[in-house]
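The values are calculated or read from the model by the stated rules, or taken from the named source; none is laboratory data. Because the structure is predicted, anything quoted here is derived from the model rather than measured. With ideal geometry, Cβ positions are generated from the backbone for all residues, glycine too; neighbour counts draw on all protein chains shown.
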Amino acid sequence: MPEQTQGVEMRAALLRLRRATGLQVVFGGLLHDGRRLRIAELTGALTPALHGLAVTTGSGLGGRCLALARPCAVTDYPSARHITHEYDGAVAAEGLRSVIAVPVVVRRTVRGVLYGALREALPIGERVLDAAVAAARDVEQALAIRDEMYRLLPGSASGSSGYSGASGRSGPSWEEVRQAHGELRELAPRIDDPELRARLLAVCGRLETASAGPERPTGVTLTPRETDVLAAVASGATNAVAASRLGLRPETVKGYLRSTMRKLGAHTRLEAVVAARRAGLLP
């Protein structure tokens with residue numbers, strides 16, 4: 001899976017975490033070789049000291065989190081005794097004291113770490129821990145969905161970074177189109193002007209049919225709300241996140257997903273997304 005695509009999931013989760021908790025700095029990254037993580041996403045920082053920092057398994061708070069595959073926290077990073085201190089210079093440059101690190105685990109494999117930090121030596125409360133774990137779960141689900149789509153789509157190779165979709169679209173640029181499509185689908189119901197809303201949905205329709213493959217099933221159509229929900233799921237959103245984005249109840253989202261899966265002959269949400277893209281119902 002292209003690194004750029006994975007970074008989108010991490011960036012969105014970190015922004016949600018910061019908004020939900022008030023943490024002064026949030027950052028994170030994904031593993032590249034199974035044991036080394038590079039900090040690629042950073043929000044709230046005052047210096048570039050942490051950006052690009054390579055964290056190895058077992059080193060520092062993040063390395064401990066990688067090794068144990070569970071959340072780790074320190075109230076005062078410089079004086080913490082249960083971690084090593086290879087990264088004290090970067091941490092001190094940013095003025096961080098209280099830090100939490102939460103692993104991103106997909107199919108029992110640690111894929112990355114989300115961090116949150118304060119510039120005061122204050123205990124990390126349960127509310128912040130729960131929010132950080134929830135953010136990591138969002139990234140995990142998004143990565144799992146994308147992994148499965150890459151595996152199932154024709155022309156893809158498991159673990160390949162050269163992904164090509166059902167219509168031969170190349171990875172990162174086509175993923176940006178898909179992300180834009182999902183955002184437009186979320187925006188359309190909020191537009192009061194019926195003419196403008198219709199034009200926006202027409203653009204969405206053009207994006208959807210642009211990726212249609214040769215095996216488009218006859219007679220398969222989705223309602224606008226089913227398409228909205230499936231587009232949110234395709235972006236990696238959980239049912240709760242999709243409900244929040246679309247102004248629906250989580251139970252309603254589940255209902256739309258069930259009907260969509262039935263129409264597409266899919267047994268899982270992953271299969272539904274893949275089938276919809278093959279059919280030209282999603283970009």
Study note, to complete from the structure: Log entry, pairs with first residue in the range 122-138 being among the β-branched types (Val, Ile, Thr), second being buried (at least 20 other Cβ atoms within 10 Å of the Cβ) and in a helix (DSSP H, G or I), beta carbons closer than 6 Å, six or more apart or on different chains, reads VAL128/THR21
Check your understanding: Failed condition for ALA80, given (1) surrounded by 15 or more Cβ atoms within 10 Å (Cβ to Cβ); (2) within 23 Å of the chain's Cα centre (by Cα), with all others met?
Key -> (2)
Point to revise | Members of the range 16-35 that are without any contact (Cβ under 8 Å) to a residue 60 or more places away in the chain, under 12 Å from VAL128 (Cα atoms) and assigned to a loop (DSSP other than H, G, I, E, B) | key: GLY22
Point to revise | the range 13-72 - residue that is exposed (fewer than 15 other Cβ atoms within 10 Å of the Cβ) and of a type in the set (Lys, Arg) and, of those, nearest to the chain's Cα centre (by Cα) | key: ARG19
Exercise for review: Filter the range 250-283 for residues that are at pLDDT 90 or above and of a type in the set (Lys, Arg) and give the result.
Suggested key: LYS254, ARG258, ARG262, LYS263
Exercise for review: Quick one: in the range 188-213, of everything that is outside any helix (DSSP H, G or I) and surrounded by 14 or more Cβ atoms within 10 Å (Cβ to Cβ), which residue is modelled with the highest pLDDT?
Suggested key: ILE191
**Study point:** Per-region count, the range 233-283, residues without any contact (Cβ under 8 Å) to a residue 60 or more places away in the chain, surrounded by fewer than 24 Cβ atoms within 10 Å (Cβ to Cβ) and under 18 Å from the mean Cα position of the chain (by Cα)
**Key:** 5
Exercise for review: State the number of residues belonging to the range 89-117 that are more than 17 Å from CYS65 (Cβ to Cβ) and modelled with pLDDT of 95 or more.
Suggested key: 6
